[in-house]
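Below is one structure; the comments refer to it alone.
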Amino acid sequence: MLHDPPKTAKPDRPSDAQRLQTGALLIIAFAVVLFLLVQARFVLISLATAIILFSLTSDVINFIARIRIGPFRIPSTAASIAAMALIAAALLALTSILLAQINTVLVTTLSYAERAPSAVASLFAFLGEDSELAILNALRSVNVSSYLRGAAGQASGITQATVLVILFVGFLFAERIWFETKLQSFIGDKAQAERISKIIQSIIHRVNYYLLVKTVISAFTGALTFVLAQAFQLELAVSIGILTFVLNFIPNIGSIVATALIALVAHVEVGDATTTLIIFTIAGIIQFVNGSIIDPMLMGRALRLSSFGIILFLAFWGAVWGIPGMFLSVPIMVMMLVVCSHVPHLRPFAVLLSREGLPETEKMLDHPVERDLFGLDRD
């Protein structure tokens, strides 16, 4: 007697109700995370900044540790303390300079408050006298002093954030020597822990390289903008140069704001449309050459980020964390690109975030970069 072969049970497919439940849970989880990001923005922004600054110290410490004083070499502990001192001094100096320039801009803006509406409205004279008058009335209705008080209040929080960042960096330094041991104990698998360590090192290297190139390009752009403002004897030449340097860390939008800023200041101070157009054109050329030619040439294939993805991250983190989120959007995007590249289920997101659809591969982890930011061979 023939017997029928046993039937293998087919795996149950998720029902519509289960898919709906999963989707609802994902939406709720996203809403909760978004709520926490907004509510704890001050601490999280400070922590993210501290982590980025701490990642920079890996190359700084290696560089200091290579310095020889006669036959002696600087110990790693001394190099760590020196790097920490450099970070604290640089942050405090940068904060004081930025606050001084913000104060200068606010005071000068108050002196421009009366003539600025007329100067800006004159730019729209080609639309007709009625349109110019309407724009002038609209600008005069704006309460500039209230906005300036709000800006001054926000600026005062920079000092608190700087102190918190320094504290976070200090505690990260204290945990630095135990990181590898903790990672291996947490994962429980030495090979997997080494792989995760390589992923972290890849993130650190790419973020450091981005910050290095961006700092050089922004400093060069700010210096040229200062020279341009000084050549036309603008009163806020130093402030414009420093603000241009800072704004260029915001991708795409920062250069536009910096160009519009120097043109607006020039028009309010000089009051001549031809001079304003010349300054605007030269500033635009400086931003275009540095941002669209020199910047991509130096970046090369180190980041390979999608331009559309950069805009999306800029808009999202700007909406969640404001201006600080705009500064942190690209480092966060670099981190997500590297992580998603090495998680199989998240690799499609890495393809979308990468410029040519070619995210980082496992081979790149096995052949790490052999030089640090200072061009020296790694030990």
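Ordering 40-47, 234-241, 183-190, 24-31 by mean Cβ neighbour count within 10 Å, with the highest value first, yields 234-241, 40-47, 183-190, 24-31. Amide hydrogen proximity for Ser306: with H placed 1.01 Å from N in the peptide plane, the residues at 5 or more positions away or on another chain lying under 5 Å are Ser354, Arg355.
The value of relative contact order for region 229-347, using C-alpha pairs under 8 Å at least six residues apart, is 18 percent.
When peptides 330-336, 350-356 are ranked by their average number of other Cβ atoms within 10 Å per residue, the highest-first order is 330-336, 350-356.
Suppose R0 equals 45 Å. What FRET efficiency, 1/(1 + (r/R0)^6) with r the Cβ-Cβ distance, do Thr77 and Ala315 give to the nearest 0.05?
Working: r = 43 Å, r/R0 = 0.96.
About 0.55, to the nearest 0.05.
We did not get these values from a lab; they are worked out from the coordinates using the rules stated. Quick caveat: nothing in here was measured; it's all calculated off a predicted structure. Neighbour counts are summed over all protein chains in view; Cβ atoms, including those assigned to glycine, are modelled from backbone coordinates with ideal geometry.
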